[in-house]
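Down below is the structure, laid out as structure tokens.
Values quoted throughout were computed directly from the atomic coordinates according to the rules given, and no laboratory measurement underlies them. Computed from a prediction, not measured in an experiment: that's the story for all the values here. Every residue, glycine as well, gets a Cβ built from its backbone with ideal geometry; the counts of neighbours run over all protein chains shown.
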Amino acid sequence: MPAAHDAESGEIAGVGADLEPGTLLAAYRSGLFPMRLPDGRLAWWSPDPRGVLPLDGLQVSRSLARSRRRSTTTFDVAFADVVLGCADPHRPGAWIDASFVRAYVRLHELGWAHSVEVWDETADGRALVGGLYGVAIGGLFAAESKFHRARDASKVALVALVEQLIATGATLLDVQWTTSHLASLGVVDVTRDEYAARLRHALTVRPSAPFGGAAQ
């Protein structure tokens, strides 16, 4: 497994390997995450700068607060459905293939990958309208992808995630790249070296409760 600094001035530290649980966990502990290249090869990425959301810096607008009050949020109730929602080939920029779905479902079964689900309550029951998933190691949560089928649903998932991470003593929420959408929620850029320092600290943290244990 290459190290994040192997990426030098670029974003890719290495190409190849596999999506086995041990490989994925070693990657996250090294500051890397996997995505395929356009030609299908598996690449290990280390962006510089790196997008992170300070847990005390989340910005919740009034409209987002209203959306949250109208929604029901759960943790790890429908992990596979969340990943499949993120993998929907009709979404712009969709890249998650079947091998990624299998890999992260396996990580979830082993207790490392987690999801936040957002539900819309209807007369016929509840419908999954958004969510996100990622990998938790120590005080790190590496967010992988999110989706929404209703306005603000993925943002509602992010708010619930931040509250969960604060409640369990996590210290680092990695979102990979900063976008204008994420910046409006409080995401900031840090250098690769700064991310590495924050990651080293996060990996020493022992959560005060299991993921989802502080769900509201």
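Which label belongs to the value computed from this structure, given these candidates for percent of Cα pairs over 23 Å apart: [x] 48; [y] 56; [z] 44? Answer by label: [z]. Less than 5 angstrom separates the built amide H of residue 33 from those of 45, all sequence-distant by 5 or more or on a different chain. Inter-label distance, residue 25 to residue 121: 3.8 nm, where each label sits 7 Å from its Cα along the C-beta direction. Per-residue ellipticity at 222 nm computed for the chain from its helices equals -9000 deg cm²/dmol, with DSSP H segments shorter than 4 residues left out and the rest contributing -39,500 (n - 2.57).
Note that the stretch 179-192 has calculated 3J(HN,Hα) couplings of 10, 4, 4, 5, 4, 5, 9, x, 5, 10, 8, 10, 5, 4 Hz, one per residue in order, obtained from phi through the Karplus relation 6.51 cos²θ - 1.76 cosθ + 1.60 (θ = phi - 60°); glycine and proline are x. Beta-bridge orientation, the stretch 133-216: approximately 60 percent antiparallel, per DSSP, counting only bridges with both partners inside. For residue 12, nonlocal amide neighbours, meaning residues 5 or more places apart or on other chains whose placed amide H falls under 5 Å from its own, are 46. Highest mean packing comes first when the peptides 30-41, 149-160 are listed by Cβ atoms within 10 Å, giving 149-160, 30-41.
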